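Right, one structure below, let's go through it.
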Amino acid sequence: MSLFKKLDVKADLGTPSALKSSMQRGIRTKILEQYEDTFGADDGALLEKIWPKKEPIMVAKFKREHVQIVLLKGTPLFFQHYDGPYLPSLPLLHQYPMLLPSIQVDRGAIKFLLSGANVMSPGLTSAGGRLPDPSKGEKPLKKGDAVGIQCQGKDHQVAVGVMQLDSEEIRLQGKGIAVDNVHYIGDDLWAICSSGGLQ
């Protein structure tokens, strides 16, 4: 379920704080490693565009869910749950959709997804769903991979999720929770982004 459902910004979110340059470098290095296929292709030029080295970042901690949000000029760029991967905010993913591999749910799953529900396998294996197709040279997804979730008939990703099963397992079994929906359009992180960020 979403990390940002019913977030009380005043009670749950700490005041944004500046990070030492060494900690900023550490986060940068982790993001470069995690998105090696994307950022490594151009020697980090895309990451430099998203987060220029000369621009200091701040971090806000969401205590209840153990999430830290990486902010540039108050705008959420990435977030991290415990020591997990750094995931892009949806507005950032809309700007740079190549950051995450994409899956698609059918129309029937949209209302559930936008209320914070996880993605169930049938929503991906039905006629309107889509998973990577190895027969077309597409790379299969593994459990734990971060993904952008698109909806049938929509142009942009509507959620960011983490695979709970391998894509081939989903295709074969066709049942169970396929993807953990961690951030979606309309949740509280989206609201923070839409309201101009945290200052």
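Pairs linking a residue in the stretch 129-148 that is touching a residue at least 60 places away in the same chain (Cβ under 8 Å) to a residue that is part of a loop (DSSP other than H, G, I, E, B), with Cβ atoms under 6 Å and 6 or more positions apart or on different chains, are Ala146/Pro85; Ala146/Leu100.
Quick grid of which residues meet (1) among the acidic types (Asp, Glu); (2) within 18 Å of Leu90 (Cα to Cα); (3) surrounded by 16 or more Cβ atoms within 10 Å (Cβ to Cβ); (4) in contact with a helix residue (DSSP H, G or I) (Cβ under 8 Å, 6 or more places away or on another chain):
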position: Ser22; (1), (2), (3), (4): no, no, no, no
position: Thr29; (1), (2), (3), (4): no, no, no, no
position: Tyr35; (1), (2), (3), (4): no, yes, yes, yes
position: Met58; (1), (2), (3), (4): no, no, yes, no
position: Gln68; (1), (2), (3), (4): no, yes, yes, no
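Checking Pro76, Pro52 one by one, the residue that is within 22 Å of Val160 (Cα to Cα) and of a type outside the set (A, V, I, L, M, F, W, C) is Pro76 and no other.
Among Leu113, Leu87, which is the only one that is assigned by TED's automatic domain parsing to the domain that holds Leu131, modelled with pLDDT of 90 or more and crowded, with 17+ Cβ neighbours inside 10 Å?
Leu113
Output the residue which, of all residues in the stretch 37-56 that are exposed (fewer than 15 other Cβ atoms within 10 Å of the Cβ) and among the hydrophobic types (A, V, I, L, M, F, W, C), is farthest from Thr75 (Cα to Cα). Looking at the filtered set, the residue picked out is Ala41. The one condition from (1) surrounded by 18 or more Cβ atoms within 10 Å (Cβ to Cβ); (2) touching a Ser or Thr at 6+ places or on another chain (Cβ under 8 Å); (3) more than 25 Å from Ile31 (Cα to Cα) that Val105 does not meet is (2).
So which of Val67, Val119 is in contact (Cβ under 8 Å) with a residue 60 or more places away in the chain, among the aliphatic types (A, V, I, L, M) and touching a Gly at 6+ places or on another chain (Cβ under 8 Å)? From the options Val67, Val119, the qualifying one is Val119.
The values are calculated or read from the model by the stated rules, or taken from the named source; none is laboratory data. Nothing here was measured: the structure is a model prediction, and the numbers come from that model. Ideal geometry is used to build each Cβ from the backbone, glycine not excepted, and the neighbour counts take in all protein chains shown.
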